[in-house]
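S.K.: Sharing a structure with you now.
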Amino acid sequence: AQTDHYDVIVIGAGPSGSVAASLLHQQGKRVLVIEKQHFPRFSIGESLLPCCMQVIEEANMLEAVNQAGYQFKNGAAFNANGRSTYFDFTDKFTPGPGTTFQVERGDFDKLLADTAESQGVEIRYGQHVDAVDLSQQPRLTISDEQGQSYTLSADYLLDASGFGRVLPRLLDLERPSNLPSRTAIFTHIQDNIDSVDMGDYQFDRNKILISVHPDNRDIWYWLIPFSNGRCSLGVVGEPHLLGENADLEATNLETTVLEATLMRLVREEPRLKQLLSRAEIVRPPAKLEGYSANVSTLANDKFALLGNAGEFLDPVFSSGVTIAMQSASFAAKCVVRQLNGQAVDWQAEYAQPLMRGVDTFRTYVQAWYDGRFQDVIFYQDPNPKIKQMICSILAGYAWDESNPFVAESERRLNMVVELCR
Ligand code: FAD
(Lines give C-alpha, C1' and ligand atoms only; values in the text may rest on other atoms or scores of the structure.)
Protein backbone atom coordinates (compact mmCIF):
# COMPACT_ATOMS: atom_id res chain seq x y z
CA ALA A 1 0.00 0.00 0.00
CA GLN A 2 1.04 3.58 -0.65
CA THR A 3 1.43 4.36 3.07
CA ASP A 4 3.79 1.44 3.72
CA HIS A 5 6.42 2.35 1.19
CA TYR A 6 8.55 5.49 0.90
CA ASP A 7 11.28 6.58 -1.45
CA VAL A 8 13.52 7.25 1.55
CA ILE A 9 13.17 6.56 5.27
CA VAL A 10 15.42 8.60 7.55
CA ILE A 11 16.13 7.22 11.04
CA GLY A 12 16.44 10.11 13.51
CA ALA A 13 15.39 13.77 13.38
CA GLY A 14 18.63 15.40 14.62
CA PRO A 15 20.39 17.94 12.38
CA SER A 16 21.54 15.38 9.79
CA GLY A 17 18.11 13.73 9.59
CA SER A 18 16.07 16.93 9.25
CA VAL A 19 18.42 18.45 6.70
CA ALA A 20 18.62 15.27 4.59
CA ALA A 21 14.83 14.88 4.66
CA SER A 22 14.34 18.50 3.64
CA LEU A 23 16.81 18.26 0.73
CA LEU A 24 15.20 15.03 -0.55
CA HIS A 25 11.68 16.41 -0.22
CA GLN A 26 12.72 19.47 -2.22
CA GLN A 27 13.79 17.12 -5.00
CA GLY A 28 10.28 15.61 -5.07
CA LYS A 29 11.09 12.46 -3.10
CA ARG A 30 8.61 10.89 -0.67
CA VAL A 31 10.46 10.93 2.66
CA LEU A 32 9.54 9.72 6.14
CA VAL A 33 11.54 10.50 9.28
CA ILE A 34 11.27 8.07 12.23
CA GLU A 35 12.32 9.66 15.56
CA LYS A 36 12.26 7.75 18.82
CA GLN A 37 11.96 10.76 21.13
CA HIS A 38 9.60 13.75 21.37
CA PHE A 39 11.04 17.19 20.70
CA PRO A 40 12.39 19.30 22.30
CA ARG A 41 14.85 16.83 23.80
CA PHE A 42 18.32 17.55 25.21
CA SER A 43 21.37 16.90 23.03
CA ILE A 44 25.00 17.83 23.51
CA GLY A 45 26.80 19.71 20.70
CA GLU A 46 25.82 23.35 21.07
CA SER A 47 28.48 25.35 19.25
CA LEU A 48 28.02 25.43 15.48
CA LEU A 49 30.65 26.24 12.83
CA PRO A 50 30.08 28.80 10.04
CA CYS A 51 30.52 26.16 7.33
CA CYS A 52 27.25 24.47 8.32
CA MET A 53 25.31 27.66 7.53
CA GLN A 54 25.77 26.80 3.84
CA VAL A 55 23.92 23.51 4.29
CA ILE A 56 21.23 25.20 6.40
CA GLU A 57 20.74 27.59 3.49
CA GLU A 58 20.66 24.74 0.97
CA ALA A 59 17.83 23.21 3.03
CA ASN A 60 15.93 26.54 2.96
CA MET A 61 16.18 26.81 6.74
CA LEU A 62 18.42 29.87 6.99
CA GLU A 63 15.66 32.38 7.64
CA ALA A 64 14.19 30.27 10.45
CA VAL A 65 17.62 29.84 12.07
CA ASN A 66 18.55 33.54 11.68
CA GLN A 67 15.28 34.63 13.30
CA ALA A 68 15.38 32.25 16.26
CA GLY A 69 17.33 34.60 18.57
CA TYR A 70 20.31 32.30 19.08
CA GLN A 71 23.64 33.55 20.41
CA PHE A 72 25.71 35.00 17.55
CA LYS A 73 29.11 33.33 17.13
CA ASN A 74 32.06 34.72 15.18
CA GLY A 75 35.01 32.72 16.43
CA ALA A 76 36.83 30.68 19.01
CA ALA A 77 38.91 31.87 21.98
CA PHE A 78 41.57 29.72 23.63
CA ASN A 79 43.02 30.06 27.10
CA ALA A 80 45.93 28.24 28.77
CA ASN A 81 48.02 29.27 31.76
CA GLY A 82 46.87 32.87 31.53
CA ARG A 83 47.67 33.07 27.80
CA SER A 84 44.75 33.93 25.54
CA THR A 85 44.39 33.75 21.83
CA TYR A 86 41.42 33.98 19.53
CA PHE A 87 40.38 33.23 15.98
CA ASP A 88 37.95 35.51 14.17
CA PHE A 89 36.09 33.27 11.71
CA THR A 90 35.36 36.17 9.37
CA ASP A 91 39.12 36.52 8.77
CA LYS A 92 39.66 33.21 7.01
CA PHE A 93 41.11 31.77 3.80
CA THR A 94 38.03 29.97 2.41
CA PRO A 95 35.10 32.00 1.04
CA GLY A 96 31.71 31.41 2.67
CA PRO A 97 29.89 32.36 5.87
CA GLY A 98 32.14 33.53 8.71
CA THR A 99 29.57 33.59 11.49
CA THR A 100 27.11 31.19 13.03
CA PHE A 101 25.32 30.55 16.34
CA GLN A 102 25.56 28.84 19.70
CA VAL A 103 22.34 26.99 20.36
CA GLU A 104 20.55 24.94 22.96
CA ARG A 105 20.12 21.82 20.90
CA GLY A 106 16.69 20.88 22.22
CA ASP A 107 15.39 24.09 20.70
CA PHE A 108 17.60 24.10 17.60
CA ASP A 109 16.89 20.51 16.59
CA LYS A 110 13.15 21.13 17.06
CA LEU A 111 13.38 24.22 14.87
CA LEU A 112 15.08 22.28 12.06
CA ALA A 113 12.59 19.40 12.33
CA ASP A 114 9.58 21.74 12.46
CA THR A 115 10.93 23.65 9.45
CA ALA A 116 11.35 20.40 7.51
CA GLU A 117 7.79 19.46 8.49
CA SER A 118 6.46 22.85 7.37
CA GLN A 119 8.16 22.22 4.00
CA GLY A 120 6.13 18.99 3.71
CA VAL A 121 8.36 16.30 5.27
CA GLU A 122 6.52 13.66 7.31
CA ILE A 123 8.04 13.02 10.76
CA ARG A 124 6.77 10.39 13.19
CA TYR A 125 7.87 10.92 16.80
CA GLY A 126 7.93 8.34 19.58
CA GLN A 127 8.74 5.56 17.08
CA HIS A 128 11.70 3.28 17.65
CA VAL A 129 13.51 1.46 14.85
CA ASP A 130 14.09 -2.08 16.17
CA ALA A 131 15.24 -4.14 13.21
CA VAL A 132 16.29 -3.88 9.58
CA ASP A 133 16.12 -6.38 6.73
CA LEU A 134 18.22 -5.63 3.64
CA SER A 135 17.83 -9.02 1.94
CA GLN A 136 15.62 -7.43 -0.70
CA GLN A 137 14.16 -3.92 -0.66
CA PRO A 138 15.13 -2.30 2.69
CA ARG A 139 12.50 -2.99 5.39
CA LEU A 140 12.39 -1.58 8.90
CA THR A 141 10.59 -3.00 11.92
CA ILE A 142 9.39 -0.14 14.09
CA SER A 143 7.65 -0.08 17.47
CA ASP A 144 5.36 2.70 18.62
CA GLU A 145 4.84 3.88 22.19
CA GLN A 146 2.06 1.37 22.80
CA GLY A 147 4.56 -1.37 21.96
CA GLN A 148 2.82 -2.13 18.65
CA SER A 149 5.21 -3.27 15.95
CA TYR A 150 4.88 -2.55 12.23
CA THR A 151 7.06 -2.64 9.14
CA LEU A 152 7.80 -0.09 6.47
CA SER A 153 9.80 -0.38 3.27
CA ALA A 154 11.78 2.16 1.30
CA ASP A 155 13.94 2.34 -1.78
CA TYR A 156 16.71 3.77 0.37
CA LEU A 157 17.56 4.19 4.08
CA LEU A 158 19.44 7.03 5.71
CA ASP A 159 20.65 6.38 9.25
CA ALA A 160 20.75 9.73 11.07
CA SER A 161 20.36 8.18 14.53
CA GLY A 162 23.50 9.79 16.00
CA PHE A 163 24.81 8.00 19.09
CA GLY A 164 21.83 5.62 18.69
CA ARG A 165 23.93 4.14 15.83
CA VAL A 166 20.99 2.05 14.67
CA LEU A 167 22.32 0.50 11.45
CA PRO A 168 25.93 0.07 12.69
CA ARG A 169 24.53 -1.97 15.60
CA LEU A 170 21.92 -3.93 13.66
CA LEU A 171 24.21 -4.65 10.69
CA ASP A 172 27.36 -5.24 12.75
CA LEU A 173 29.25 -2.36 11.15
CA GLU A 174 30.73 -0.96 14.37
CA ARG A 175 34.51 -0.69 14.53
CA PRO A 176 36.66 0.78 17.29
CA SER A 177 37.82 4.35 16.88
CA ASN A 178 41.56 4.94 16.53
CA LEU A 179 41.27 7.69 19.14
CA PRO A 180 41.64 6.87 22.85
CA SER A 181 38.45 6.71 24.86
CA ARG A 182 37.69 10.03 26.55
CA THR A 183 35.01 11.21 28.94
CA ALA A 184 33.03 14.44 28.91
CA ILE A 185 31.26 15.84 31.99
CA PHE A 186 28.98 18.77 31.26
CA THR A 187 26.14 20.95 32.49
CA HIS A 188 24.34 24.23 31.86
CA ILE A 189 24.99 27.20 34.12
CA GLN A 190 23.49 30.60 34.75
CA ASP A 191 26.88 32.18 34.22
CA ASN A 192 26.48 35.62 35.90
CA ILE A 193 29.80 36.53 34.24
CA ASP A 194 28.81 40.19 33.79
CA SER A 195 28.89 40.71 37.53
CA VAL A 196 32.45 39.37 37.93
CA ASP A 197 35.37 41.83 37.89
CA MET A 198 37.84 40.32 35.40
CA GLY A 199 40.31 43.23 35.34
CA ASP A 200 41.70 43.67 31.81
CA TYR A 201 40.30 40.39 30.55
CA GLN A 202 37.27 40.74 28.30
CA PHE A 203 35.00 37.72 28.05
CA ASP A 204 33.50 37.53 24.56
CA ARG A 205 30.04 35.91 24.41
CA ASN A 206 30.37 35.71 20.61
CA LYS A 207 33.06 33.05 20.87
CA ILE A 208 33.32 29.58 22.28
CA LEU A 209 36.03 29.56 24.98
CA ILE A 210 38.30 26.52 25.02
CA SER A 211 40.56 26.35 28.09
CA VAL A 212 43.40 23.96 28.76
CA HIS A 213 44.14 22.51 32.21
CA PRO A 214 47.27 24.20 33.65
CA ASP A 215 49.04 20.95 34.59
CA ASN A 216 47.74 18.58 31.95
CA ARG A 217 47.27 19.53 28.32
CA ASP A 218 45.14 16.44 27.76
CA ILE A 219 42.31 17.98 29.77
CA TRP A 220 40.32 20.80 28.24
CA TYR A 221 37.11 22.69 28.96
CA TRP A 222 34.41 24.26 26.81
CA LEU A 223 32.38 27.31 27.73
CA ILE A 224 29.64 28.04 25.18
CA PRO A 225 27.55 31.14 25.91
CA PHE A 226 23.87 31.16 24.95
CA SER A 227 21.76 34.26 24.36
CA ASN A 228 19.79 33.84 27.63
CA GLY A 229 22.60 34.45 30.16
CA ARG A 230 23.39 30.77 30.37
CA CYS A 231 26.39 28.78 29.16
CA SER A 232 27.11 25.19 28.36
CA LEU A 233 30.13 24.14 30.44
CA GLY A 234 32.03 20.89 29.98
CA VAL A 235 35.34 19.21 30.64
CA VAL A 236 36.96 16.47 28.55
CA GLY A 237 39.78 14.06 29.31
CA GLU A 238 40.76 10.43 29.52
CA PRO A 239 38.76 8.92 32.41
CA HIS A 240 41.73 8.32 34.71
CA LEU A 241 42.80 11.98 34.33
CA LEU A 242 39.48 13.43 35.41
CA GLY A 243 39.69 11.55 38.72
CA GLU A 244 36.04 11.49 39.61
CA ASN A 245 35.72 12.43 43.24
CA ALA A 246 35.95 8.96 44.72
CA ASP A 247 35.13 10.14 48.22
CA LEU A 248 31.64 10.92 46.99
CA GLU A 249 31.21 7.63 45.16
CA ALA A 250 29.80 6.18 48.37
CA THR A 251 26.84 8.55 48.25
CA ASN A 252 25.81 6.76 45.09
CA LEU A 253 24.46 10.02 43.74
CA GLU A 254 25.80 10.14 40.23
CA THR A 255 25.02 13.82 39.69
CA THR A 256 26.64 14.82 43.01
CA VAL A 257 29.83 13.04 41.99
CA LEU A 258 29.77 14.61 38.55
CA GLU A 259 29.07 18.10 39.88
CA ALA A 260 31.91 17.83 42.42
CA THR A 261 34.31 16.54 39.77
CA LEU A 262 33.36 19.18 37.22
CA MET A 263 33.56 22.07 39.68
CA ARG A 264 36.87 20.85 41.15
CA LEU A 265 38.35 20.78 37.65
CA VAL A 266 36.95 24.25 36.92
CA ARG A 267 38.60 25.59 40.11
CA GLU A 268 41.93 24.12 38.94
CA GLU A 269 41.96 26.45 35.89
CA PRO A 270 42.53 29.98 37.27
CA ARG A 271 40.72 32.00 34.60
CA LEU A 272 37.69 29.74 34.52
CA LYS A 273 37.65 29.70 38.29
CA GLN A 274 37.39 33.47 38.34
CA LEU A 275 35.03 33.74 35.36
CA LEU A 276 32.61 31.25 36.87
CA SER A 277 32.91 32.39 40.47
CA ARG A 278 29.25 33.45 40.49
CA ALA A 279 27.90 30.73 38.22
CA GLU A 280 24.96 28.56 39.28
CA ILE A 281 24.33 25.13 37.87
CA VAL A 282 20.89 24.96 36.25
CA ARG A 283 20.97 21.46 34.76
CA PRO A 284 22.07 18.25 36.47
CA PRO A 285 25.58 17.42 35.22
CA ALA A 286 25.84 14.44 32.89
CA LYS A 287 28.63 12.30 31.56
CA LEU A 288 29.37 10.75 28.17
CA GLU A 289 32.12 8.18 27.85
CA GLY A 290 33.82 6.55 24.90
CA TYR A 291 31.84 8.57 22.33
CA SER A 292 34.46 8.27 19.57
CA ALA A 293 33.22 5.66 17.11
CA ASN A 294 33.90 4.24 13.69
CA VAL A 295 32.26 1.90 11.15
CA SER A 296 33.38 -0.59 8.51
CA THR A 297 31.08 0.79 5.78
CA LEU A 298 29.54 4.23 5.41
CA ALA A 299 27.20 3.49 2.52
CA ASN A 300 26.08 1.16 -0.25
CA ASP A 301 23.17 1.07 -2.70
CA LYS A 302 20.65 0.45 0.12
CA PHE A 303 21.73 2.68 2.99
CA ALA A 304 24.03 5.49 4.03
CA LEU A 305 25.15 6.51 7.51
CA LEU A 306 24.96 10.23 8.26
CA GLY A 307 26.63 12.30 10.96
CA ASN A 308 27.33 10.55 14.22
CA ALA A 309 25.78 7.29 13.05
CA GLY A 310 28.98 7.01 10.97
CA GLU A 311 32.25 8.15 12.45
CA PHE A 312 32.51 10.49 15.44
CA LEU A 313 35.92 11.91 16.28
CA ASP A 314 36.05 14.32 19.17
CA PRO A 315 34.26 17.45 20.36
CA VAL A 316 37.30 19.77 20.62
CA PHE A 317 36.68 21.71 17.40
CA SER A 318 32.86 21.62 17.52
CA SER A 319 32.83 19.84 14.18
CA GLY A 320 30.02 17.33 14.90
CA VAL A 321 26.97 19.20 13.59
CA THR A 322 28.94 20.51 10.60
CA ILE A 323 30.04 17.00 9.59
CA ALA A 324 26.48 15.76 10.21
CA MET A 325 24.97 18.41 7.93
CA GLN A 326 27.67 18.04 5.30
CA SER A 327 27.04 14.29 5.21
CA ALA A 328 23.32 14.97 4.74
CA SER A 329 24.05 17.26 1.81
CA PHE A 330 26.46 14.81 0.13
CA ALA A 331 24.13 11.83 0.68
CA ALA A 332 20.96 13.57 -0.50
CA LYS A 333 22.55 14.35 -3.87
CA CYS A 334 23.60 10.72 -4.34
CA VAL A 335 20.20 9.36 -3.23
CA VAL A 336 18.37 11.61 -5.70
CA ARG A 337 20.58 10.43 -8.54
CA GLN A 338 20.13 6.77 -7.64
CA LEU A 339 16.34 7.12 -7.29
CA ASN A 340 16.30 8.83 -10.69
CA GLY A 341 17.86 5.74 -12.22
CA GLN A 342 21.52 6.71 -12.37
CA ALA A 343 24.29 4.50 -11.05
CA VAL A 344 25.97 5.79 -7.89
CA ASP A 345 29.36 4.60 -6.67
CA TRP A 346 28.69 5.13 -2.96
CA GLN A 347 32.30 4.68 -1.96
CA ALA A 348 33.71 7.14 -4.50
CA GLU A 349 30.86 9.62 -4.50
CA TYR A 350 29.77 9.65 -0.85
CA ALA A 351 32.16 7.96 1.57
CA GLN A 352 35.43 9.29 0.15
CA PRO A 353 34.36 12.93 -0.28
CA LEU A 354 32.86 12.96 3.22
CA MET A 355 35.98 11.38 4.73
CA ARG A 356 38.21 14.07 3.21
CA GLY A 357 36.80 16.57 5.69
CA VAL A 358 36.61 14.08 8.55
CA ASP A 359 40.28 13.17 7.99
CA THR A 360 41.24 16.85 7.97
CA PHE A 361 39.62 17.26 11.37
CA ARG A 362 41.28 14.02 12.51
CA THR A 363 44.75 15.48 11.79
CA TYR A 364 44.04 18.50 13.98
CA VAL A 365 42.29 16.52 16.72
CA GLN A 366 45.26 14.17 17.04
CA ALA A 367 47.67 17.12 16.96
CA TRP A 368 45.60 18.89 19.64
CA TYR A 369 46.06 15.98 22.04
CA ASP A 370 49.75 15.36 21.28
CA GLY A 371 50.35 19.09 21.86
CA ARG A 372 51.49 20.13 18.36
CA PHE A 373 48.32 22.00 17.46
CA GLN A 374 48.10 23.61 20.89
CA ASP A 375 51.58 25.06 20.28
CA VAL A 376 50.33 26.54 17.00
CA ILE A 377 47.12 27.91 18.49
CA PHE A 378 48.89 29.61 21.39
CA TYR A 379 51.78 30.94 19.30
CA GLN A 380 51.82 34.68 19.95
CA ASP A 381 53.17 35.98 16.63
CA PRO A 382 51.47 34.00 13.85
CA ASN A 383 51.86 34.70 10.14
CA PRO A 384 48.50 36.29 9.17
CA LYS A 385 48.09 34.17 5.98
CA ILE A 386 48.77 30.94 7.83
CA LYS A 387 46.41 32.00 10.58
CA GLN A 388 43.65 32.55 7.98
CA MET A 389 44.17 29.04 6.60
CA ILE A 390 43.99 27.51 10.05
CA CYS A 391 41.01 29.69 10.83
CA SER A 392 39.19 28.19 7.83
CA ILE A 393 39.53 24.74 9.34
CA LEU A 394 38.37 25.94 12.75
CA ALA A 395 35.37 27.52 10.96
CA GLY A 396 34.55 24.07 9.52
CA TYR A 397 35.84 24.42 5.94
CA ALA A 398 37.65 21.10 6.12
CA TRP A 399 36.68 20.07 2.58
CA ASP A 400 38.33 23.06 0.83
CA GLU A 401 41.17 21.41 -1.11
CA SER A 402 42.50 24.82 -2.18
CA ASN A 403 43.57 25.31 1.45
CA PRO A 404 47.06 23.75 1.85
CA PHE A 405 46.18 22.96 5.47
CA VAL A 406 43.41 20.73 4.09
CA ALA A 407 45.15 19.33 1.02
CA GLU A 408 48.33 18.40 2.90
CA SER A 409 47.18 18.81 6.46
CA GLU A 410 49.81 16.73 8.28
CA ARG A 411 52.80 18.10 6.35
CA ARG A 412 51.68 21.74 6.52
CA LEU A 413 50.84 21.47 10.18
CA ASN A 414 54.25 20.01 10.99
CA MET A 415 55.94 22.85 9.10
CA VAL A 416 54.13 25.41 11.23
CA VAL A 417 54.82 23.46 14.41
CA GLU A 418 58.54 23.74 13.61
CA LEU A 419 58.19 27.52 13.27
CA CYS A 420 56.31 27.84 16.56
CA ARG A 421 58.60 25.69 18.69
P1 FAD B 1 21.84 13.45 16.72
O2 FAD B 1 21.81 14.92 16.86
O3 FAD B 1 22.38 12.65 17.83
O4 FAD B 1 20.35 12.95 16.42
C5 FAD B 1 20.02 11.58 16.35
C6 FAD B 1 18.52 11.38 16.54
O7 FAD B 1 18.20 10.00 16.28
C8 FAD B 1 18.10 11.66 17.98
O9 FAD B 1 17.06 12.61 17.99
C10 FAD B 1 17.66 10.29 18.50
O11 FAD B 1 16.57 10.37 19.41
C12 FAD B 1 17.25 9.55 17.24
N13 FAD B 1 17.35 8.07 17.37
C14 FAD B 1 18.34 7.37 17.98
N15 FAD B 1 18.08 6.04 17.95
C16 FAD B 1 16.90 5.90 17.28
C17 FAD B 1 16.08 4.76 16.94
N18 FAD B 1 16.41 3.49 17.27
N19 FAD B 1 14.92 4.97 16.25
C20 FAD B 1 14.55 6.24 15.92
N21 FAD B 1 15.28 7.35 16.24
C22 FAD B 1 16.43 7.18 16.91
N23 FAD B 1 29.02 19.10 17.78
C24 FAD B 1 29.06 20.40 17.43
O25 FAD B 1 28.78 20.69 16.26
N26 FAD B 1 29.39 21.37 18.32
C27 FAD B 1 29.74 21.09 19.60
O28 FAD B 1 30.02 22.00 20.38
C29 FAD B 1 29.75 19.73 20.00
N30 FAD B 1 30.07 19.37 21.26
C31 FAD B 1 30.05 18.04 21.62
C32 FAD B 1 30.43 17.67 22.90
C33 FAD B 1 30.48 16.31 23.27
C34 FAD B 1 30.92 15.91 24.64
C35 FAD B 1 30.10 15.32 22.32
C36 FAD B 1 30.13 13.87 22.68
C37 FAD B 1 29.69 15.69 21.05
C38 FAD B 1 29.67 17.05 20.69
N39 FAD B 1 29.30 17.43 19.41
C40 FAD B 1 29.36 18.75 19.04
C41 FAD B 1 28.84 16.45 18.43
C42 FAD B 1 27.33 16.51 18.22
O43 FAD B 1 26.68 16.20 19.43
C44 FAD B 1 26.90 15.50 17.16
O45 FAD B 1 27.87 15.39 16.19
C46 FAD B 1 25.60 15.87 16.46
O47 FAD B 1 24.54 15.94 17.38
C48 FAD B 1 25.30 14.81 15.41
O49 FAD B 1 24.05 15.05 14.81
P50 FAD B 1 23.26 13.84 14.18
O51 FAD B 1 22.18 14.45 13.36
O52 FAD B 1 24.19 12.91 13.52
O53 FAD B 1 22.66 13.01 15.43
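The values are calculated or read from the model by the stated rules, or taken from the named source; none is laboratory data. Everything numeric in this text was worked out from a predicted model, so none of it was measured. Quick reminder, even Gly has a Cβ in these numbers, built from the backbone with ideal geometry, and neighbours come from all protein chains shown.
S.K.: Checking the conditions here, which among Thr94, Thr115, Thr100, Thr151 is touching a helix residue (DSSP H, G or I) at 6+ places or on another chain (Cβ under 9 Å) and either modelled with pLDDT under 95 or under 20 Å from Leu209 (Cα atoms) (or both)?
M.R.: None of the others qualify; the one that does is Thr100.
S.K.: Residue check, Gly45 against (1) within 10 Å of the ligand (Cβ to nearest atom); (2) on the phi < 0 side of the Ramachandran plot, all met but one. Which one?
M.R.: With (1) within 10 Å of the ligand (Cβ to nearest atom); (2) on the phi < 0 side of the Ramachandran plot applied to Gly45, the lone miss is (2).
S.K.: Determine, yes or no, whether Arg362 is of a type in the set (Lys, Arg), closer than 23 Å to Pro180 by Cβ and either buried (at least 21 other Cβ atoms within 10 Å of the Cβ) or not assigned by TED's automatic domain parsing to the domain that holds Arg217 (or both). Quick ask: steps written out before the conclusion?
M.R.: Values: of a type in the set (Lys, Arg): yes; closer than 23 Å to Pro180 by Cβ: yes; either buried (at least 21 other Cβ atoms within 10 Å of the Cβ) or not assigned by TED's automatic domain parsing to the domain that holds Arg217 (or both): yes.
In short, yes.
S.K.: Here is a follow-up. Say we look at region 181-202 and pick out the residues that are under 20 Å from the mean Cα position of the chain (by Cα) and assigned to a loop (DSSP other than H, G, I, E, B); which of these is surrounded by the most Cβ atoms within 10 Å (Cβ to Cβ)?
M.R.: The first filter runs over region 181-202 and keeps only residues under 20 Å from the mean Cα position of the chain (by Cα), leaving 181-188.
Of the ones still in play, those that are also assigned to a loop (DSSP other than H, G, I, E, B) are 181-182.
Details: Ser181: 12, Arg182: 23.
In this case the residue turns out to be Arg182.
S.K.: Any residue in region 334-348 that is surrounded by fewer than 24 Cβ atoms within 10 Å (Cβ to Cβ), in the same structural domain as Leu157 (by TED's automatic domain parsing) and within 20 Å of the chain's Cα centre (by Cα)?
M.R.: no
S.K.: When residues of region 208-229 are filtered for being among the small types (Gly, Ala, Ser) and within 12 Å of the ligand (Cβ to nearest atom), how many remain?
M.R.: Final tally of qualifying residues: 0.
S.K.: Looking only at residues in region 131-180 that are part of a helix (DSSP H, G or I) and of a type in the set (Gly, Ala, Ser), which one is nearest to Val321 (Cα to Cα)?
M.R.: Gly162
S.K.: Considering each of Arg175, Arg165, Arg205 in turn, give the residue that is among the basic types (Lys, Arg), away from the ligand (no atom under 13 Å from the Cβ), under 30 Å from Tyr6 (Cβ atoms) and within 22 Å of the chain's Cα centre (by Cα).
M.R.: That would be Arg175, the only listed residue that is among the basic types (Lys, Arg), away from the ligand (no atom under 13 Å from the Cβ), under 30 Å from Tyr6 (Cβ atoms) and within 22 Å of the chain's Cα centre (by Cα).
S.K.: From Pro214, Pro239, grab the single residue that is touching a Ser or Thr at 6+ places or on another chain (Cβ under 6 Å) and either within 29 Å of Tyr70 (Cβ to Cβ) or of a type outside the set (A, V, I, L, M, F, W, C) (or both).
M.R.: After ruling out the rest, the residue left standing is Pro239.
S.K.: When you scan region 383-397, how many residues do you find that are crowded, with 18+ Cβ neighbours inside 10 Å and over 21 Å from the mean Cα position of the chain (by Cα)?
M.R.: Count: 4.
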